[in-house]
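The values are calculated or read from the model by the stated rules, or taken from the named source; none is laboratory data. No experiment lies behind these values; they were computed from the predicted model shown. Here the Cβ is made from the backbone with ideal geometry for all residues, glycine too, and neighbour counts use every protein chain on show. Just the protein is used for accessible areas: all its heavy atoms, side chains included, with ligands, DNA and RNA removed. Shrake-Rupley method; radii C 1.70, N 1.55, O 1.52, S 1.80 Å.
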Amino acid sequence: MMAHSAAGGFLEEQFRAVCAEFQKHELGGADWELLVDTLGIKVFRLRNQQSGLYEYKVFGVLEDCPPDVLADVYMDLNYRKQWDSYVKELYEEECDGKNVVYWEVNYPFPMSNRDYVYIRDCRELDWEGQKVYVVLAKSVEVPQFPEKSGVVRVKQYKQSLALVSDGKKGSRGKMNVKEVPLLS
């Protein structure tokens, strides 16, 4: 697996907390809404009543993709531009010693495009005898990426992803994405 680093953006405890959360396989008692249940993947969302923003949780199994390959694909921005038709701009640039990702997402009319400025890191951990690939991402503000007119900046983006082997040829995973704006 390639080494991926966000130069000091995350603590070891944050990666370990994702591993502990991964073992639970539950939604945590809140009033989650099931959005998608197909091909072994379930997507849930929860609306924050105060901010109007959503948190998403994704659970699933990909039967023919090992976790190390899935983690590499997830971190490969150039490959994402090939398969994700919603990408308008996506690249990484060093800012103040950190590798910062800029991602603008195309939305159809009448919605405005969204953009994200964030750091991310991927680590391989040994957790209770299992190899777990953990990806963390969070929004950052850097002057190199000012807000654009007509594009909604997502300022409170946080994501965690944990991937393990399904015991066969595939991956079992859980993703949590917080603070995503309403699609309008």
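Observations, loosely collected:
- Exposure rule at most 14 other beta-carbon atoms within 10 Å, DSSP loop GluC sites (Glu not before Pro): the chain longest free segment: 64-127
- Pairwise FRET efficiency - K148 versus C65, Cβ, R0 = 30 Å, nearest 0.05: 0.30
- For the range 98-163, the spread of Cα coordinates along the three principal axes comes to 49, 27, 14 Å, biggest extent given first.
- Against the empirical 2.2 N^0.38 Å (N residues), the range 42-95 has a Cα radius of gyration ratio of 1.52.
- Carbon/sulfur fraction of accessible area - the chain, other protein chains in place, 1.4 Å, %: 50
- For the chain, the solvent-accessible area of protein heavy atoms averages 57 Å² per residue (probe radius 1.4 Å; ligands and nucleic acids excluded).
- Between the range 95-155 and the range 8-73, the alpha-carbon center distance in angstrom: 16
- Lys, Arg +1 and Asp, Glu -1 on Cβ, resulting dipole of the chain about Cα centre, debye, nearest 20: 400
- Solvent-accessible surface (1.4 angstrom probe) belonging to C19, in square angstrom, nearest 10: 0
- Answer label, with semi-axes √(5λ) of the Cα gyration tensor in Å calculated from the coordinates and candidates (i) 26, 21, 17; (ii) 29, 20, 15; (iii) 68, 20, 14: (i)
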